[in-house]
1. Near Ser167, within a Cβ-to-Cβ distance under 13 Å, what is the net charge of the other residues, with Lys and Arg +1 and Asp and Glu -1?
2. Give a quick list of GluC sites (Glu not before Pro) in segment 160-253 that DSSP marks as loop, anything other than H, G, I, E or B, with at most 12 other Cβ atoms within 10 Å.
3. Run the numbers for Glu51 and Leu104: contour at 0.36 nm per residue of separation, minus the present Cα-Cα distance, in nm.
4. Given R₀ = 22 Å, what would the calculated FRET efficiency be for Glu62 paired with Thr189, taking r from the Cβ atoms and rounding to 0.05?
5. Pro78: net charge of surrounding residues, Cβ under 11 Å, Lys/Arg +1, Asp/Glu -1, itself excluded?
Amino acid sequence: MRRVGFGRSPKGVAALVVLAGAVMLAPSARAAVDFYASGGLGLFQMEAVNERVDAGSQNCAEIARELNHAGVTAECTPAGRLGAGISAEAGFVLSSQGLVGVGLGYQYLTGTTSSDLSVQTGSVSGHYTQSYTPTAHGPMLKVFLGTPLAEPASVRFFAGYGRYKASYAERGQIRGQVEDPDAAEFSHTYQGNADGYEAGLELRSALGPQAALLATVGYGWLQVPETMDKDRNPGPALDFTGLRLRGGLSIAF
């Protein structure tokens, strides 16, 4: 598996050149360093994962029907198709007058869905839960360009490049009246790497001379066409492409 890092990717080198150019073109004003942290909603396009989700839910429903036919009370709650999850980011931005800047952050994207099979036999009950969880995380470089709005607000457009490490995990868990309520029946993980991009706008509203509220609306492109487990068995392709909405806080130093 390739090492995660900007130096390994020609696209990463190109992004660094663009970012360096943005700093050189920034107005000759006092530079400020902002720390920011934000989180919110990300929309995904997990077709390959959803095929597994649908198959698992169908299997759950068939097992419930067979148990009921055998006289055992069972009910299946199918997993919903995965189309949204968490989008979070934190990092630092070096900017001139808060309008032109270069940022280095770390992004985290994840979503999960699960099915549940509940079984009741006399006074003994239990649940078998199966979850499906794709995750991606990695560093991202960004360029910010903006203009002030009516004080104390401003808006900045941004574009960024990132290098992500992705994983997909399926986990089955037994809960209920068993010896170990947290026992995992199985857990399997696939991993992969991919380049990603994001563009959008950031609205800032000052809370004081050093703090500001952030609202970010962006669109990200991140496709992981190949994942593998530790034995190099292929897993599903992952697609985190979609709208990303985040809210957070920025503090200037």
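FYI, it's all coordinate maths here, none of it is from the lab. Computed from a predicted structure; not experimentally measured. Glycine also receives a Cβ, built like all others from the backbone with ideal geometry; neighbour counts cover every protein chain displayed.
1. Numbers: positive: Lys165, Arg171, Lys230; negative: Glu170, Glu226, Asp229.
Neighbourhood net charge equals 0.
2. Details: sites: Glu170, Glu179, Glu185, Glu198, Glu202, Glu226; in loops: Glu179, Glu226.
Sites meeting the loop and neighbour criteria: Glu179.
3. Values: separation 53, 0.36 × 53 = 19.08 nm, distance 3.54 nm.
Gain on extension, Glu51 to Leu104, equals 15.5 nm.
4. Numbers: r = 26 Å, r/R0 = 1.18.
Calculated value: 0.25.
5. On the way: positive: Arg81; negative: Asp54, Glu75, Asp116.
The answer is -2.
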